[in-house]
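The values are calculated or read from the model by the stated rules, or taken from the named source; none is laboratory data. Predicted model only: the values in this text are computed from it and were never measured. FYI the Cβ positions are ideal-geometry reconstructions off the backbone, even for glycines, and counts take in every protein chain you see. Surface accessibility is based on the protein's heavy atoms, side chains included, excluding ligands, DNA and RNA. Shrake-Rupley method; radii C 1.70, N 1.55, O 1.52, S 1.80 Å.
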Amino acid sequence: MSSPKKKWNTWLTTNEIVDIINDLASDDEATAADIYIDPPGDGLVSDSDSGDERNVSFENLSRGQLLAPAELTLHGKNVSDGSESEEEALGPITSRTVTDSQSLSNRRRSRSLIDNPLFPPPPPPRSPKVVRKWVKRDLSQLHDEWIAPLPRSVITLSEASEPVDLFELFFSHEVIMHIVRHSVIYAVQKGNPGFTLSDNDIYCFIGILILTGYSPLPRRRMYWESNEDTHNILVAKSMRRNRFEEILRHFHVVDNINLCPNDKMAKVRPLFDLLNKKFLQYAVIEKNISIDESMIPYYGRHGCKQHIRGKPIRFGFKTWIAALPLGYCLYADPYQGRYETFSTGLGQYVVQKLMTEIQNVYKETRFSVFCDNFFTGLPLITAMKEKNILVTGTVRSNRTDKCPLKDEKLCKKEQRGYHDSRLDLNSGICAVRWNDNSVVTLLSSEYGVEPIQTARRYSAAQKQRVNVPQPNVVHQYNRFMGGVDRLDANIGTYRIAIRGKKWYIPLLFWLIDVAVNNATLLARNFSKDIDTLEFRRSIARTLLQKYGNDKQHPGPSKRVSTNVPTSVRKHNAEHMIGRAPSRLRCAYCKSLTVTFCQKCKVNLHSKCFSVFHS
């Protein structure tokens, strides 16, 4: 005989079903489970609230999904004489009154989803439940001194070096030639075989882009207009307008024939990989690293475009960033949306991926990672601790694994500065709940409550600023969490103002802004006293004057009226300038002069001497 069927006639939420599954985890008869979640009633779930739908776990569900009505069907082993199937042996356990026909249809739907090749395979089975032992105890502080790793490359620069030298550490000759090669290939693929490009052209092109960040105009062609209100002499003299637009049209960093079909960001991935290596190579590495998301503004149509409500930049491409506290970008990874596959929650997957890339360069170095409640969870902290990485971050109340902290509603009734803490003896993770303007919960494997810090807050009752007790874990989190926000602020102040029609142009131009930001922070390590604006202006002016073309007008060069053969005139030997006995016309500019070339016997100004012989 098979096991009797169990049914509930009441509606249950997803969160209650999770508790049921945990209670039945030790049941040997249960082999599989199907959960069907109704859409949340508020309809406000965005991409930032949940993870990949194809690899869903309870760690990346939003509050609305956890409170939504859901249906559970358990499948068990066949304990009869073999005449019944495995699904019919245990029967469905549902959160509603389900008839046999409804249960059968649910089984058929579950079976069709598995057998249909158009759907991805089901996620791997969940790891066994971790047993936690929460006690009222503080986390003991780590007193071992952090030793900075050796630099990965020798920088032969000093305080006297110019800002462009620091910028060219990231956009080196290797990176520039990569852009030149693939831009020419793209032009040929688009039917323009006569398109030529040099490294000087790309440097000058980048210089114009950087200049538009602090000197924006409504239209890019206005930089070349002859009107006095918009004409920019430096831009107009360094590169002609049509040449700039031709380079912008063919600006490329990858061969379209060899694009990875499974990578939605394949158009920009090579430049991200090149610059990420440069960022890690020249970084003045620190112990504390913050991980967060950054938005790159984009208002066109693309499958990877994200919308995050309440952010300063609501529409654009999301990029996962690992940054130092002052805003130096160590690693940037563009988010593909719901196309990536992973076995853990999205937040845990991102932190593990970024820190793996950093640890591949800085092996055997212990880092402290700070992240917000989108990433933080007990499985993440446990997994990173095994890799010698300590994690501290705010956490959502449904991710504390039934930690017996005081309820948030009761904490709000306590005085400002009240805190409650617990320690998991098995994993060494401390959970702290603190009452400030609102109740916040933090998890950490490095910091606890002691030593108590103070925070300055305004008291409406006393009409003045007062000191509020603050746990040490909150204090450390506030100190080191804002690295990505500092990066966004530095870039947003003088962001490149030119836009392109192609979707990948904002991502490529954003990397130029990141390189300028990292070069600025790197210069301050050399005690270079220069602000962000002057640093950016110096890079733009140097690139345009050093690599720009001084030829202002189109058309052929000036005709030189002389009988000197071209082979003699352009020969590099024995051309010397002297003083003529009489005042005659210059053979090149036709103005009066008293200097001439002793070999060619031609009157020339000193400024026309090199032009005449080239």
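Within the range 481-527, all pairs of alpha-carbon atoms sorted by distance into 5 Å bins from zero give the percentages 5, 19, 25, 23, 16, 7, 3, 1, 0.
In this structure, the residue pairs whose Cα-Cα separation is over 18 Å, taken from 277/502; 277/353; 136/287, are 277/502; 136/287. Solvent exposure of the range 208-288 amounts to 49 Å² per residue of accessible area, where only protein heavy atoms count and the probe is 1.4 Å. Taking only the Cα atoms of the range 411-557, the ratio Rg/Rh comes out at 1.22, with Rh defined as the Kirkwood radius. Of the residues 494, 447, ranked by 1.4 Å probe accessible area with the largest first, the sequence reads 494, 447. On full extension, the segment bounded by residue 231 and residue 489 gains 90.0 nm, given 0.36 nm per residue less the C-alpha separation. Averaged over its residues, the range 383-433 has an accessible area of 48 Å² per residue, based on protein heavy atoms and a 1.4 Å probe.
Across the accessible surface of the range 424-473, with the other protein chains kept in place and a 1.4 Å probe, carbon and sulfur atoms take up 46 percent. Taking 7 Å steps out from each Cα toward its Cβ at residue 287 and residue 19 produces label points 4.1 nm apart. Couplings for the range 374-380, taken from phi via the Karplus curve 6.51 cos²θ - 1.76 cosθ + 1.60 with θ = phi - 60°, read 5, 9, 6, x, 4, x, 5 Hz in order; Gly and Pro are left as x. Remark: the residue 365-residue 463 segment gains 30.5 nm on full extension, using 0.36 nm per residue and subtracting the alpha carbon distance. The length gained on full extension between residue 256 and residue 35, counted as 0.36 nm times the residue separation minus their Cα-Cα distance, comes to 75.4 nm. Taking a point 7 angstrom from the Cα of residue 450 along the C-beta vector, which residues in the range 404-418 have backbone N less than 20 Å away? From the range 404-418, the list is 418. On the beta carbon distance between residue 583 and residue 357, with R0 = 41 Å, the FRET formula returns roughly 0.05.
What is the calculated FRET efficiency for residue 532 to residue 196, with r their C-beta to C-beta distance and R₀ = 35 Å, to the nearest 0.05? About 0.50, to the nearest 0.05. With q set to 0.14, 0.15, 0.22, 0.24 Å⁻¹, the log10 of I(q)/I(0) for the range 309-416, from the Debye formula over equal scatterers at the Cα positions, is -0.70, -0.79, -1.33, -1.46.
Expressed in units of 2.2 N^0.38 Å, where N is the residue count, the Cα radius of gyration of the range 331-486 is 1.13.
Which one of 256, 234, 284 has its Cα pushed farthest toward the positive end of the charge dipole of the range 215-315, where Lys and Arg give +1 and Asp and Glu give -1 at the Cβ? Final value for the positive-end residue is 256.
Using R0 = 35 Å, the C-beta based FRET efficiency linking residue 142 and residue 408 works out to 0.75.
On the principal axes of its alpha-carbon atoms, the range 272-320 has extents of 36, 24, 13 Å, going from largest to smallest. Each of residue 574 and residue 524 was given a label point 7 Å from its Cα along the Cα-to-Cβ line. The distance between the two points is 6.1 nm. Relative to its residue count, the range 227-346 spans a Cα convex hull of 216 Å³ per residue. Each Cα pair under 8 Å and six or more residues apart adds its separation to the average, and for the range 188-339 the resulting relative contact order is 15 percent. Taking the square roots of 5 times each eigenvalue of the Cα gyration tensor of the range 144-259, largest first, gives ellipsoid semi-axes of 32, 24, 12 Å. Each peptide among 362-368, 12-18 gets the average number of other Cβ atoms lying within 10 Å of its residues, and from highest to lowest they stand as 12-18, 362-368.
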